[in-house]
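Undergrad: Structure in C-alpha cells, see below.
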Amino acid sequence: MHFYRPLRSIAAMTFDLDDTLYDNRQPILRTAQETHAALQAFHPALAGFSPQQYQQVRARLLVSEPDIYHDVTEWRRRACEQAMLDEGIAPGQARSGSYQVMEVFARWRSDIEVPQETHQTLASLAEKIPLVAITNGNADPQRLGLDGYFRFVLRAGPDGRSKPFADMYRRAAQQLALPAAQILHVGDDLTTDVAGALRAGFRACWINLQQGNLMLASDARLLPDLEISRLASLTALV
C-alpha cells in the first residue's frame, strides 16, 4: 500500500467491477465468441457474418448515436438488431432476435470465477462501512455472487453517463447521503476510476494488479490518493 496524499476518514467505498474485483480478460473474450456464434446461428442469412462486420455495425451506430457509448449493453443489442436488419431480416424478428442473442451474452458475461480474496475482503469491509458498485460494464453482481456485499449497484446507461463522467459518482454520494470527500473509489483504470473519481470529489484508490508503474503510465491523469496491489489491503483502512 502506497499513499500519495494523506487519507482522511473513509465513511464508504465504491468499487469498479471488471479487472478490479476479478480478472475479466478471458471471460470477455469467451463471451464475445459465444455471443457472435449465437448471432450467426440465429438465421441462415447471418451464417457468414464476421466479427469484423459486427464491429463495423457498432461503429456506424456510434457515429449516428454518440450517446449509445454510455450503455454498452444496449449498444451491443442494437448492433445485433441492426446486423439482422442489414441482412434482410424483418424488423420484428430482428428485434426479438437481438434479445435472444443478448440472453446468450448475459449468461456468458457473468460466467466468472471470483477470487476468494475478493469475497473475504468485501465481506469484511461491508461489516463496517457501506459498499457500492459503480460499473461501465455489464457483468451481473448477482450472478457473480457479489450482490450481497453492496448497498446498491450503479450502471452506466441506466444510471448516468459512463465513467469518467461524474454522473454515477454523484448519484452514489446522493444515495449514500455522504459528502463525496468521505467516499473512496477503488478501481483499476487510471482514467475512468482514478481521474473520474477525483474530479467528482471522491478519494481514489488505484488497484495495480498488473505491476504497472504509475509514473510511466500513459493514461495517468491525476495522482490517486493511494495505490494497492492486493484488494485485501483495503481492510486496513477501516
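Undergrad: Using 0.36 nm times the number of residues separating E74 and Q52, minus their current alpha carbon distance, what extension gain do you get? Can you show the working numbers first?
TA: Details: separation 22, 0.36 × 22 = 7.92 nm, distance 1.91 nm.
Roughly 6.0 nm would be gained on extension.
Undergrad: Alpha carbon centre of segment 159-185 versus segment 1-63: separation in Å?
TA: 22
Undergrad: Here's a follow-up. For segment 12-143, just list the percent of Cα-Cα distances falling in each 5 Å bin from zero outward, please.
TA: So the P(r) values, bin by bin, are 2, 10, 18, 19, 17, 12, 9, 7, 5, 2, 1, 0.
Undergrad: Now for a separate question. Testing the spin-label approximation: label points 7 Å from Cα along Cα→Cβ at A59 and M215. State their distance in nm.
TA: 3.9
Undergrad: Still on this structure, please answer the following. Just grab the label-to-label distance for H119 and L29, each label 7 Å out from Cα along the Cβ direction, in nm (one decimal).
TA: Placing both labels 7 Å beyond Cα along the Cβ direction yields 2.6 nm.
Undergrad: State the percentage of accessible surface on segment 23-179 attributable to carbon and sulfur atoms; use a 1.4 Å probe and exclude ligands, DNA and RNA.
TA: On the way: 3960 of 7980 Å².
Heavy-atom surface of segment 23-179 belonging to carbon and sulfur, 1.4 Å probe: 50 percent.
Undergrad: Which residue, F152, F202, F15, has the most motion in a Gaussian network model of the chain that connects Cα atoms within less than 10 Å?
TA: F152
Undergrad: Which residues does a label at R199 reach in segment 46-68, if reach means a backbone N under 19 Å from a point 7 Å past the Cα toward the Cβ?
TA: 66-68
Undergrad: So if I place +1 on the C-beta of Lys and Arg and -1 on the C-beta of Asp and Glu, and nothing else carries charge, what would the dipole magnitude of the chain be about its Cα centre? I want it in debye, nearest 20.
TA: Values: 24 positive and 27 negative charges, 104 e Å.
The calculated dipole for the chain is roughly 500 debye.
Undergrad: Taking only Cα atoms and a 10 Å spring cutoff, compute GNM fluctuations for the chain and point out the largest among Q211, Q82, Q174.
TA: Comparing Q211, Q82, Q174 in a Gaussian network model of the chain, the most mobile one is Q211.
Undergrad: Still on this structure: Of all DSSP beta bridges in the chain, what percent run antiparallel (nearest 5)?
TA: In the chain, approximately 15 percent of DSSP beta bridges are antiparallel ones.
Undergrad: Please identify which residues in segment 5-29 have an amide N closer than 14 Å to a label point set 7 Å out from the Cα of S233, following the Cα→Cβ vector.
TA: Flagged as within label range: 5, 7.
Undergrad: I would also like to ask the following. Rounded, prolate or oblate for segment 132-238? Axes are the square roots of the Cα gyration tensor eigenvalues, ordered a ≥ b ≥ c, and the cut-off for rounded is a/c under 1.5.
TA: Details: a/c = 1.43, a/b = 1.28, b/c = 1.12.
Rounded is the answer for segment 132-238, as its axis ratio a/c remains below 1.5.
Undergrad: Rounded, prolate or oblate, given the Cα gyration tensor of segment 88-186, with a/c below 1.5 counting as rounded?
TA: Working: a/c = 3.40, a/b = 1.61, b/c = 2.11.
Cα axes put segment 88-186 in the oblate bin.
Undergrad: Roughly how tilted is helix 91-109, in degrees to the nearest 10 and between 0 and 90, from the longest Cα axis of the chain?
TA: Roughly 40 degrees, rounded to the nearest 10.
Undergrad: Translational diffusion coefficient, Stokes-Einstein: compute it for segment 1-40 using the Kirkwood radius over C-alpha pairs as Rh, at 25 °C and 0.890 mPa s, and state it as an integer in µm² s⁻¹. It would help to have the intermediate numbers written out before the result.
TA: Numbers: Rh = 13.7 Å.
My calculation gives 180 µm²/s for D.
Undergrad: Rolling a 1.4 Å sphere over the protein heavy atoms, what is the accessible area per residue of segment 62-148, to the nearest Å²?
TA: Values: 4200 Å² over 87 residues.
Using a 1.4 Å probe on heavy atoms only, each residue of segment 62-148 averages 48 Å².
Undergrad: Right, here's the next one. Using only the alpha-carbon atoms of the chain as identical scatterers, what base-10 log of I(q)/I(0) does the Debye formula give at q = 0.14, 0.16, 0.17 Å⁻¹?
TA: The Debye formula, applied to the Cα set alone, gives -0.91, -1.11, -1.20.
The values are calculated or read from the model by the stated rules, or taken from the named source; none is laboratory data. Note that the structure is predicted; figures quoted are calculated from it, not measured. Counting neighbours? That spans all protein chains shown, and the Cβs are built from the backbone with ideal geometry, glycine included. In case anyone asks, the SASA skips ligands and DNA or RNA and just uses the protein heavy atoms, side chains included. Shrake-Rupley method; radii C 1.70, N 1.55, O 1.52, S 1.80 Å.
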